[in-house]
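**Student:** Could you have a look at this structure, given as structure tokens, before my questions?
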Amino acid sequence: MNPLPPNLLLALTYAENGVAVSPCRERDDQFGKCKSPYISGGMNSASSHIQQVYAWWENTPGAIIGLPCRANGIVVIDADRHGQEDGVEILSGWFRDNGFNPALVPCVATPNEGFHFIFRRPASLTDTKGKLAPAVDIRDRAYVIAAGSRLADGREYRLWNATPLLLAQALQMQALAEPPSWLLAMMQKASVIAKPKSTQSEYGLVSAEVLTLARLKGITQKVAMAPVGQRNSTLHWAACRLGEMVADRHICRDVALGLIVACGRQIGLSQNEATKTALSGLGDMALGGVDDF
């Protein structure tokens, strides 16, 4: 009896743990590029039914495994290296500056020297941006190639800090960590931050989104320019101002918290100090407010 193809065994490992998968091309061919779906409907047709998985891989035994993100309750940060653009270095800098240990989440090394960082998708997360920075993308309404998949040329999507079986089990149990608050704030679309209403000004009709983003810019700039000795108090003031915006439903609390913590980190506070000040300011507004500077 011939052994099962490695990618089929991998697909079954995911499917047996309730993870929806779909077959994708392991090389370029006349019908599509490498990593493109083999099946009609692509990621929207993904399934965890064992018989369906067997049927797909019987037709395309070398297929790599597509992992739809939303269907499996995940959101993935995809850092690539494209020519002069080094998304891996950019993302590593963010992790370092915000005191985040990437070993806390599954990390997949891709064949082209990029990385996928896999997070559980928070229920509060609505629409996300497609891109965080050059060569740093968010995979949300999309799919990624599953850890363990092997291309036709032998290159592999290699999971650094676990095994595909452990990852499949973690996905089934929804046991992965969510993105930290500072990263969630970066991921949100601007349209999620502000209400899509309009306000009349001396310059005519101005959208609430524009006004909200302008206020956010002013607040964060004030924090960035705060002199030594006043930085923590200025950050607390900023947290109170964002607390007002949360109360007015112009911005969600998770986004406000993430922005304040990120500002605090940029002016030299530790992650714990910035978080404590942010929570204090947001809490003060819930109790009645703090005066403007």
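**Student:** Could you list all residues from the range 68-86 that are within 28 Å of ALA20 (Cα to Cα) and either buried (at least 21 other Cβ atoms within 10 Å of the Cβ) or not charged (D, E, K, R) (or both)?
**Tutor:** Listed by number, the residues that qualify are PRO68, CYS69, ALA71, ASN72, GLY73, ILE74, VAL75, VAL76, ILE77, ASP78, ALA79.
**Student:** Before we move on, is SER149 of a type in the set (S, T, N, Q) and crowded, with 20+ Cβ neighbours inside 10 Å?
**Tutor:** Working: of a type in the set (S, T, N, Q): yes; crowded, with 20+ Cβ neighbours inside 10 Å: yes.
Yes; evaluated as a whole, the condition is true for this residue.
**Student:** Need the failing condition index for LEU132 against (1) over 18 Å from PRO68 (Cβ atoms); (2) modelled with pLDDT under 95; (3) surrounded by fewer than 19 Cβ atoms within 10 Å (Cβ to Cβ), just the number.
**Tutor:** Evaluating LEU132 over (1) over 18 Å from PRO68 (Cβ atoms); (2) modelled with pLDDT under 95; (3) surrounded by fewer than 19 Cβ atoms within 10 Å (Cβ to Cβ) leaves (3) as the failure.
One line per residue, one yes/no per condition, for (1) under 23 Å from MET187 (Cα atoms); (2) out of contact with any strand residue (DSSP E or B) (no Cβ under 7 Å at 6 or more places or on another chain):
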{"residue": "GLY42", "(1), (2)": "no, no"}
{"residue": "ASN59", "(1), (2)": "no, yes"}
{"residue": "CYS69", "(1), (2)": "yes, no"}
{"residue": "VAL88", "(1), (2)": "yes, no"}
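**Student:** Do we find a residue being among the β-branched types (Val, Ile, Thr) and either modelled with pLDDT of 80 or more or not in a helix (DSSP H, G or I) (or both) anywhere in the range 188-197?
**Tutor:** For the range 188-197, residues among the β-branched types (Val, Ile, Thr) and either modelled with pLDDT of 80 or more or not in a helix (DSSP H, G or I) (or both): absent.
**Student:** In the range 42-61, which residue that is among the hydroxyl-bearing types (Ser, Thr, Tyr) and not in a helix (DSSP H, G or I) is farthest from the chain's Cα centre (by Cα)?
**Tutor:** Per the stated criteria, the residue is THR60.
**Student:** Right, something else. Sort out which residues of the range 90-105 are in contact with a strand residue (DSSP E or B) (Cβ under 7 Å, 6 or more places away or on another chain) and buried (at least 19 other Cβ atoms within 10 Å of the Cβ), and write them in order of number. Full working, then the answer.
**Tutor:** Kept after step one, since they are in contact with a strand residue (DSSP E or B) (Cβ under 7 Å, 6 or more places away or on another chain), are these residues of the range 90-105: 90-91, 102, 105.
Hits for the range 90-105 are LEU91, VAL105.
**Student:** Taking helices (runs of 4 or more DSSP H) that fall entirely within the range 227-288, which contain at least 1 residues that are of a type in the set (Ser, Thr, Tyr) and assigned by TED's automatic domain parsing to the domain that holds LEU213?
**Tutor:** Numbers: elements: 231-247, 253-266, 271-287.
Helices (runs of 4 or more DSSP H) meeting the threshold: 231-247, 271-287.
**Student:** Among (1) assigned to a loop (DSSP other than H, G, I, E, B); (2) buried (at least 17 other Cβ atoms within 10 Å of the Cβ), there is one condition ASN112 misses while meeting the rest; what is its number?
**Tutor:** (2)
**Student:** Additional query: Within the set of pairs 6+ apart or on separate chains, which have a first residue in the range 132-147 that is under 18 Å from ALA168 (Cα atoms), a second that is among the aromatic types (Phe, Trp, Tyr) and buried (at least 20 other Cβ atoms within 10 Å of the Cβ), and C-beta atoms under 9 Å apart?
**Tutor:** VAL144/TYR157; ILE145/TYR157; ALA146/TYR14; ALA146/TYR157; ALA147/TYR157
The values are calculated or read from the model by the stated rules, or taken from the named source; none is laboratory data. All values derive from a computational prediction rather than experimental measurement. Methodologically, a virtual Cβ is constructed for each residue, glycine included, from the backbone with ideal geometry; neighbour enumeration extends over all protein chains shown.
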